[in-house]
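The values are calculated or read from the model by the stated rules, or taken from the named source; none is laboratory data. Small disclaimer: the values here were computed from a predicted structure and weren't measured. Every residue, glycine as well, gets a Cβ built from its backbone with ideal geometry; the counts of neighbours run over all protein chains shown. Only protein heavy atoms, including side chains, enter the accessible area calculation; ligands, DNA and RNA are left aside. Shrake-Rupley method; radii C 1.70, N 1.55, O 1.52, S 1.80 Å.
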Amino acid sequence: MIEITGQSLLAGNWITPAGKTFQSFNPYNNASMYRFASCGSDEIDEATHAAESAFQTYRNLSGNTIGLFLNTIADEIEALGDQLLEVCDSETALGTVRLTGERGRTCGQLRAFAELAIKGEWVQASIDTAIPNRAPVPKPDLRRMMKAIGPVVVFGASNFPFAFSTLGGDTASALAAGNPVIVKGHPAHPATSELFAHAVAKAIEKCGVPIGVFSLLQGVGNELGTGLVKHPLIQAVGFTGSERGGRALMDIAAARPQPIPVYAEMGSINPVFVGPDTLQAQAESIATGLSGSVCMGTGQFCTSPGIVVSVASELFETTLKTKLSEAPRGYLLNPQIAASLQASLENLNSHPQLEWLNRAGFEAGSMTPPNAVFKISGKDFLADKTLSEEVFGPVTLYVECENEAQIVEVAESLNGNLTASVHADEDMDLAKTLFNILEQKVGRVIYNSYPTGVEVCPSQQHGGPYPASSVSTSTSVGVGAIVRFARFVAYQGTPDALLPEALQSENPLGIYRLVNGELTTAGI
Ligand code: NAP
């Protein structure tokens, strides 16, 4: 068992900073737990300088060494055993079953990025050989590939304490690309983050990579995150959380003398559309499926379905209402999320055009919210833009449209989202119209299913137009996430002796490259 000390890991040294203290909170019994102190500007400065120094070595390590490092981190996470699950459960109330699955996903992500680093093809090597006698001007030899970008700050997410936190997808992809990472730990699960830091510290020692390649700075209040994003040595940011937090960090990054990219994954209402004839034919089964998706993880998923758009159906409405009321209440992650949900439910309840179909109590201080469904007409929904904003928790809004044309109007009115789902077996013409609209508004269009449950594989797209993500061209899930933390460098007229191996003429890595427009593993 590892003793939880309340410390931060600063480039290999465990430290107790002098900043504001805070405690994690047990949602099961409202008890305060592990005490931590916040890092400040001194720790930011030390961690970033150590990261920059580590970068000069780490960026040039072979794919095999980086792959070994990532695989070793995954092994060390598994070696933390049940302590990791138990500590995290006490800080999040996510349950050890869910956390066991999330640990598998987290280690799977690390191993997938390890394989990517080892294979080496993610760099997208491309070579155009010279044509010295081309008229009117000779063509130079040009070779291009992706290279690491520099020290990256990762903000741990509250709702995925493993898969999107300290050693989650953002950290794994940034490390795989050859960048050091400084994690700003999420203040709601600091002891979980501390355990992860032990795992990575062991992997650093075992693999002999530079110690500055990873730091975990714990803290609460905005100063730590702001200071990290402002620091001139930081070159990119990964973030999952609220639209307000993500937007604040985007603005800070853009206002720096050297602006840097912020890959923020923020709010999404993940609309579910049901065609009128399909609703008629499948009212009960769709209401049941939707209810399961709304309640999953107590609605604390970025892909939780916040609205369902269709026409009137008494059977659908009754089934959805009943299923949500019968589903057991789950726990919220922390008191801030509970207070924010409480305020949102009060707001929705006082909205003159909204009807809370299964109204139930949610006392102040309670961590177990009702699974709620509200109803509004399509016309009233279209008249109030605020209803398109994310409510974080097990809440959905039934938008009851007059006809197909109004369903289409609702689709056209939506902001950017991570996903949109369409149930339309009996409404194929409507489905075609909706797909045409939705593929312009979301990162993933889903047919005949529900948005929760994000498969981690190369064809996944987790990111959509703002405000779902800050950079709609990127994904934070799947191996495609690596390119966020790398940039292309082209080498002109450069001899092999000065080129990275991926671009050398004989192709010593044996990777696929685009040579004069043809994908090949052959040398030149
Ligand atoms: P959050 O409030 O955005 O915080 C995420 C991280 O960013 C924390 O480490 C926070 O730490 C930091 N931060 C927030 N605002 C900042 C600012 N202005 N400047 C610098 N750092 C800042 O998200 P959360 O704590 O996970 O949950 C709160 C709300 O976020 C939820 O109620 C929900 O609405 C939303 N959320 C959405 C998703 C999603 O995937 N769509 C996921 C999780 C949460 P400090 O507070 O210590 O600065």
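How large, in percent, is the carbon and sulfur part of the accessible surface of the chain at a probe radius of 1.4 Å?
51
Could you give the accessible area per residue of region 369-505, probe 1.4 Å, as a whole number in Å²?
Here the per-residue accessible area is 41 Å².
Give a residue-ordered list of calculated ³J(HN,Hα) values for region 317-328 (Karplus: 6.51 cos²θ - 1.76 cosθ + 1.60, θ = phi - 60°; whole Hz; x for Gly, Pro).
4, 5, 5, 4, 4, 5, 4, 5, 5, 6, 5, x
Could you give me the ³J(HN,Hα) list for region 183-197, computed from phi with Karplus coefficients 6.51, -1.76, 1.60 and θ = phi - 60°, whole Hz, x at Gly and Pro?
Coupling constants for region 183-197: 8, 8, x, 6, x, 7, 9, x, 5, 4, 4, 4, 4, 4, 5 Hz.
Which distance in nm do the two modelled labels at residue 497 and residue 2 give, with both placed 7 Å along the Cα-to-Cβ direction?
In this crude spin-label approximation the distance works out to 4.6 nm.
In terms of modelled amide H atoms, which long-range or inter-chain residues lie less than 5 Å from the amide H of residue 469?
266, 464
When a/c reaches 1.5 or more, the comparison of a/b and b/c decides; with that in mind, is region 216-296 rounded, prolate or oblate per its Cα gyration tensor?
Note, shape of region 216-296 comes out prolate.
Taking only DSSP H segments of four or more residues, each worth -39500 (n - 2.57), what value at 222 nm results for the chain once the sum is divided by all its residues, to the nearest 500 deg cm²/dmol?
The per-residue figure over the chain is -12000 deg cm²/dmol.
Of the peptides 154-163, 44-53, 509-518, how do they stack up when ordered by the mean number of other Cβ atoms within 10 Å, highest first?
Order by mean packing, descending: 154-163, 44-53, 509-518.
Give the lysines reachable from residue 119 as a straight Cα distance under 26 Å; neighbours fewer than 8 places away on the same chain don't count.
Output for residue 119: 147, 202, 206.
Within region 320-475, count lysine pairs with alpha carbon atoms under 25 angstrom apart where the residues are 8 or more positions apart or belong to different chains.
10
With Cβ to Cβ distances under 14 Å as the rule, what net charge do the other residues near residue 479 carry (K, R +1; D, E -1)?
Every neighbour counted, the sum reads 0.
Say each of residue 336 and residue 440 gets a label point 7 Å from the Cα, pointing the same way as Cα to Cβ; how far apart are those two points in nm?
Between residue 336 and residue 440, the label points sit 3.7 nm apart.
HN-Hα J couplings of region 160-171 from phi, Karplus 6.51/-1.76/1.60, θ = phi - 60°, integer Hz, Gly and Pro as x?
With coefficients 6.51, -1.76 and 1.60, one gets 10, x, 10, 6, 10, 10, 3, 10, x, x, 5, 5 Hz.
Determine the sum of side-chain charges near residue 339: Lys and Arg each +1, Asp and Glu each -1, restricted to other residues whose C-beta is under 15 angstrom from that of residue 339.
-1
Kindly identify the chain as rounded, prolate or oblate by the Cα gyration tensor criterion: order the square roots of the eigenvalues as a ≥ b ≥ c, call it rounded if a/c is under 1.5, otherwise compare a/b with b/c, prolate if a/b is larger, else oblate.
Cα axes put the chain in the oblate bin.
Residues with beta-carbon under 12 Å from that of residue 166, excluding residue 166: net charge, scoring Lys, Arg +1 and Asp, Glu -1?
-1
Calculate the spin-label point distance for residue 16 paired with residue 258, positioning each point 7 Å from the Cα along the beta-carbon direction, and give it in nanometres.
Simple spin-label model gives 3.6 nm for this pair.
Could you tell me the center-to-center distance, by alpha carbons, between region 477-491 and region 40-90 in angstrom?
Result: 19 Å between the Cα centres.
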